1. Scattering from the C-alpha atoms of the chain alone, worked out with Debye: what is log10 I(q)/I(0) at q = 0.09 1/Å?
2. For the chain, find the longest principal axis of its Cα atoms and tell me its angle to the long axis of helix 186-202, 0 to 90°, nearest 10.
3. Tell me the Rg and the Dmax, in Å, that the Cα atoms of the range 1-149 produce.
4. Between helix 364-377 and the chain, what is the angle of the helix's C-alpha long axis to the longest principal axis, kept within 0 to 90° and rounded to the nearest 10?
5. Over the Cα atoms of the range 338-480, each weighted equally, I'd like the Debye log10 I(q)/I(0) at q = 0.14, 0.15, 0.19 Å⁻¹, rounded to two decimals.
6. By average Cβ neighbour count within 10 Å, what is the ranking of 63-75, 84-96 from highest down?
7. When you count, for each residue, the other Cβ atoms within 10 Å and take the mean per peptide, how do 183-195, 351-363 rank with the highest first?
8. Give the average over all directions of the projected area of the C-alpha convex hull of the range 168-267, one decimal, in nm².
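Derivation of every value follows stated rules applied to the coordinates shown; laboratory data play no part. Predicted, not measured: the structure shown is a model, and the values here were computed from it. Here the Cβ positions follow ideal geometry from the backbone for every residue, glycine too, while neighbour counts run over all protein chains shown.
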Ligand code: GLC
């Protein structure tokens with residue numbers, strides 16, 4: 001139907017392996033479990049999977065601290081299990097991209113163990129080492145630190161950790177268990193490019209590049225000027241009330257970290273990586289965990305996609321927000337020498353689940369349907385996050401000993417020990433900021449443990465008990481009105497409607513506050529999409545829209561019931577929160 005590449009037409013689905021499906025009954029997801037669910041994914045209608053890290057890891061950051069890049073975490077299976085998973089996915093026409101963490105390794109990676117052992121070992125320069133005076137203990141648990149500068153880790157306080165064997169500090173943008181690699185060292189590049197080739201040779205279809213913005217920092221180590229440390233700033237963010245306070249805090253976040261990302265060198269690095277992918281057949285692809293379109297280079301020589309995170313960076317999704325976002329992003333993408341392609345998402349393993357985050361506690365189910373329709377009808381490649389298709393919600397863990405996201409555990413202790421916050425409040429705050437809430441096990445059926453693990457097994461994170469209230473795959477498969485069947489239908493309509501995949505985006509009624517209306521248009525097909533973001537019934541007329549003049553509409557999909565499938569654009573009646581998709585005839 002199209003000259004587009006597979007990654008432009010595909011719908012991606014993110015699998016968080018620890019929480020997707022437990023095939024061997026040990027309370028942790030694994031490849032056996034994922035393989036058993038491939039038919040489910042095929043039936044759902046997704047075309048490609050993004051697999052969050054599946055590599056061996058001490059799990060200080062749930063797999064994003066990798067101790068061996070060319071292997072599989074034993075709790076997930078073996079390399080052969082991975083190969084079976086890849087082959088079985090491909091057999092079903094489903095592509096697979098892996099998560100590639102370039103910025104840092106685990107502090108248990110052999111590269112780091114060697115690097116930290118002395119100042120003159122062969123890998124001495126593979127990480128970012130700096131001189132500084134040793135931390136001096138001052139008693140009462142306090143310490144005066146001789147850190148190279150005041151940079152913070154965005155996860156756990158100081159960005160510098162002292163190693164007595166070297167008498168030096170290493171830098172870590174994330175946890176101290178995640179030392180930053182020194183990408184200015186050509187040997188580091190070669191070692192990592194070998195990793196890339198290892199997986200490409202096995203046949204993976206591409207990579208989601210983790211945290212690329214943090215690979216290079218300001219070489220002159222300019223200190224930040226914010227009068228707080230990380231824990232204090234987090235706390236201040238929680239306490240900010242007025243718009244002025246919130247604005248100030250936002251500026252502080254930016255100022256605290258602005259010297260630690262976006263340093264010189266990333267464009268050249270992305271070009272090198274892209275050139276490796278281009279040596280392979282099959283249009284292997286790269287999507288960066290970054291929203292900066294500049295990392296697409298000229299549109300053909302760096303990343304294939306960057307995420308449209310600005311779309312989701314808002315408390316409430318409104319028609320005005322979407323229109324402004326689309327205008328800004330699409331204008332920039334289309335201005336690239338080789339036109340860039342958009343990539344939309346509303347949730348992943350780092351953010352509050354979209355059902356919770358954009359719900360209003362009254363119309364959550366309708367809003368979830370609207371948001372799904374938004375991601376699946378906008379121009380660009382959609383990324384879904386496992387569990388969103390059944391409306392999984394956040395589960396706040398208020399017992400700090402049960403948290404697995406160690407940045408939240410660190411914050412809990414800082415609140416209680418350094419900032420004097422009451423432990424009960426600290427526990428709640430840590431639970432709220434923890435990413436565990438949106439990483440709980442997938443809910444497969446209405447059986448103990450939600451069908452994720454066998455009854456009686458202790459799962460790695462608690463299963464959200466709302467699996468008993470219909471938030472599970474099996475119950476929803478049997479209910480024609482379920483969110484799951486809604487996703488399936490919408491995905492089918494998208495697949496069968498070329499304009500929804502490849503058509504241009506043409507916004508309509510630019511000042512409408514209640515609804516977002518637009519066309520998707522190819523030379524052969526025009527489709528009208530209306531998303532009613534309000535609780536009001538609407539009567540709309542598109543008689544002034546040239547493309548709709550003297551035309552009729554053939555209904556392709558609606559979240560409401562219409563007595564006719566052929567309708568007039570001059571007078572359309574929409575229900576509250578309705579999703580309406582029709583072909584112009
Ligand atoms: C990315 C990942 C996140 C991880 C961080 C450090 O932002 O999405 O989960 O904690 O990088 O690797």
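1. -0.74
2. 40 degrees
3. 20.8, 71
4. 90 degrees
5. Treating every Cα as an identical point scatterer, log10 I(q)/I(0) equals -0.76, -0.84, -1.13.
6. Working: 63-75: 19.5, 84-96: 17.4.
Those peptides, ordered most packed to least, come out 63-75, 84-96.
7. Working: 183-195: 14.6, 351-363: 17.9.
Peptide ranking by packing, descending: 351-363, 183-195.
8. Values: hull surface 37.0 nm².
With every direction weighted equally, the projected area is 9.2 nm².
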